[in-house]
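J.: Starting off with a structure, shown below.
The values are calculated or read from the model by the stated rules, or taken from the named source; none is laboratory data. Note that the structure is predicted; figures quoted are calculated from it, not measured. Please note: Cβ atoms are built from the backbone with ideal geometry, for glycine as well, and neighbour counts cover all protein chains shown. Ligands, DNA and RNA are stripped out before the accessible areas are found, and what is left, the full protein with its side chains, is counted by its heavy atoms. Shrake-Rupley method; radii C 1.70, N 1.55, O 1.52, S 1.80 Å.
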Amino acid sequence: MRLANEPGATSADERNLILTTDTIGPIVDDPETFGAIAAANAMSDVWAMGGRPRWALNLAFFPDHRLPLEVLRQIMIGARDKCAEAGVAIVGGHTVRNEDLKFGLAVTGELTRAQKRPLANTRAMSGQWLVLTKALGTGVIGTAIKRRLANPAQTAAATRSMLALNAIAAELARVHGATACTDVTGFGLLGHLRNLLRGSRLRASIELGRLPLLLGALELLEQGCFCAGSESNLDYLERSLIRRYAASDHRAIALTKLACDAQTSGGLLIALRHEGAERLLEELRANGHAAAIIGELAAAKPNEVGQIELLA
């Protein structure tokens with residue numbers, strides 16, 4: 001099969017491929033669940049671009065001097081089963097001895113023939129609304145799990161969210177006219193939003209009170225469960241944030257931190273027109289997504305590109 005733009009390719013030969021890779025460290029104790037979360041996280045980039053993941057390679061970094069190989073086998077079983085749920089074949093991979101455990105996938109996806117080009121974080125438009133498809137807080141709760149502070153209900157809620165695939169959300173976004181999309185992972189919601197704004201030459205307003213949150217996220221944040229990566233996100237973004245709330249508004253301050261929380265297997269952030277956003281939200285919630293319309297995009301002067309106005 002020839003690739004798009006390959007010399008000698010015909011329209012029947014063309015195939016628009018998406019290639020991506022991601023690895024993460026353990027965020028839950030169970031190896032099989034960790035493997036499944038890592039797989040869902042790695043496949044998310046393909047859905048965020050409007051594609052469908054097809055094939056994957058395991059990428060394992062494993063401390064075999066500290067952990068039995070049975071742990072690695074369980075991790076790979078979890079990844080295999082999650083990929084099977086997504087219709088993705090794991091066709092090989094590579095394992096490296098490493099001091100720290102990490103696991104992920106290199107994923108190849110493709111666009112459907114009906115799609116002229118992928119979704120990207122450079123095609124948002126002024127006046128569009130922003131839809132977030134998953135609740136925030138996996139970084140906070142993952143930190144709490146490591147510190148033995150998360151209770152079983154909080155751990156279970158975060159795990160369910162991280163295991164949930166973004167496939168349905170991506171398909172519904174395409175149906176309802178999305179022009180731009182990004183998945184929300186390590187840079188946090190506001191970090192990925194800033195990239196979308198800079199790529200599209202826009203600014204945005206976000207209503208903090210509309211942000212969907214995982215069970216216990218605010219409470220655990222108040223207990224100090226805010227990892228170094230999330231702190232770095234907040235520090236980096238400060239010059240882009242316009243806080244429209246009082247310095248004494250502790251809830252708004254906490255929600256701002258959660259909006260910078262580094263996510264694992266987070267949701268999609270989708271830009272589309274008002275009517276499409278409302279229909280998308282209705283269908284996402286009907287499919288069990290903790291989704292919300294969280295803000296709006298606006299035209300920006302050159303010195304305003306990337307600015308994010310935060311409303312309490």
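J.: Would you list Phe103, Phe61 from the most to the least accessible area, probe 1.4 Å?
T.: Solvent-accessible surface, decreasing: Phe61, Phe103.
J.: May I ask you to derive the relative contact order of segment 52-198, considering only C-alpha pairs under 8 Å and at least 6 residues apart, and to give it as an integer percent?
T.: Value for segment 52-198: 28 percent.
J.: From Cα pairs below 8 angstrom and at least 6 apart in sequence, can you work out the relative contact order of the chain, rounded to a whole percent?
T.: 25 percent.
J.: Let me ask something else about it. With springs only between Cα atoms under 10 Å apart, run a GNM on the chain and tell me which of Val46, Val88, Val184 wobbles the most.
T.: In the Gaussian network model the winner is Val88.
J.: Further question on the same structure: Lys and Arg at +1, Asp and Glu at -1: add these up for the other residues within a Cβ distance under 12 Å of Ile206 and post the number.
T.: Every neighbour counted, the sum reads +2.
J.: Show Trp47, Trp55 ordered by accessible area, largest first, where the area counts protein heavy atoms only and the probe is 1.4 Å. Each step should come with its number before you reach the end.
T.: Working: Trp47 15, Trp55 95 Å².
Putting Trp47, Trp55 in descending order of accessible area: Trp55, Trp47.
J.: Please work out whether segment 147-305 counts as rounded, prolate or oblate from its C-alpha gyration tensor, where a ≥ b ≥ c are the square roots of the eigenvalues and a/c under 1.5 means rounded, while otherwise a/b larger than b/c means prolate and anything else oblate?
T.: Oblate, because a/c is 1.5 or more while a/b does not exceed b/c.
J.: So, counting K/R as plus one and D/E as minus one, what does the shell of residues with Cβ under 13 Å around Ala312 add up to?
T.: Result for the neighbourhood of Ala312: +1.
J.: What trypsin sites (Lys or Arg not before Pro) does segment 151-204 have in DSSP loop regions with at most 12 other beta carbons within 10 Å?
T.: Sites meeting the loop and neighbour criteria: none at all.
J.: Computed FRET efficiency, Cβ-Cβ of Ser248 and Thr21, R0 45 Å: what is it to the nearest 0.05?
T.: Result of the calculation: an efficiency of 0.55.
J.: By a straight-distance test (C-alpha under 30 Å), which lysines pair with Lys82 as possible cross-link partners, with residues fewer than eight away in the same chain excluded?
T.: Partners found: Lys102, Lys116, Lys134, Lys146.
J.: Using only helices, what value at 222 nm comes out for the chain when you add -39,500 (n - 2.57) per DSSP H run of length 4 or more and divide by the total residues, to the nearest 500 deg cm²/dmol?
T.: -11500 deg cm²/dmol
J.: Any idea of Thr122's accessible area? Nearest 10 Å², probe 1.4 Å.
T.: 70 Å²
J.: Please compute the per residue accessible area over the chain with all protein chains in place, 1.4 Å probe, rounded to a whole number of Å². Walk me through the intermediate numbers first.
T.: On the way: 14160 Å² over 312 residues.
Ligands and nucleic acids excluded, the figure is 45 Å² per residue.
J.: Let a ≥ b ≥ c be the square roots of the eigenvalues of the Cα gyration tensor of segment 258-299; is it rounded (a/c under 1.5), or, if not, prolate (a/b larger than b/c) or oblate?
T.: Values: a/c = 2.60, a/b = 1.15, b/c = 2.26.
Oblate is the answer for segment 258-299, as a/c is 1.5 or above yet b/c matches or exceeds a/b.
J.: Separate question: Ignoring ligands, DNA and RNA, what percent of the 1.4 Å accessible area of the chain is carbon and sulfur?
T.: 51 percent
J.: Okay, next question. Once you list every other residue whose beta carbon is under 9 Å from the beta carbon of Ala300, what net charge do they have if Lys and Arg are +1 and Asp and Glu are -1?
T.: Residues close to Ala300 contribute a combined charge of +2.
J.: Where a ≥ b ≥ c are the square roots of the eigenvalues of the C-alpha gyration tensor, would you call segment 88-130 rounded, which needs a/c under 1.5, or, failing that, prolate if a/b is larger than b/c, or oblate?
T.: oblate
J.: Roughly how many debye, to the nearest 20, is the charge dipole of the chain about its Cα centre, given +1 on each Lys and Arg Cβ, -1 on each Asp and Glu Cβ, and no other charges? Walk me through the numbers on the way to the answer.
T.: Working: 34 positive and 32 negative charges, 117 e Å.
In debye, rounded to 20, the chain gives about 560.
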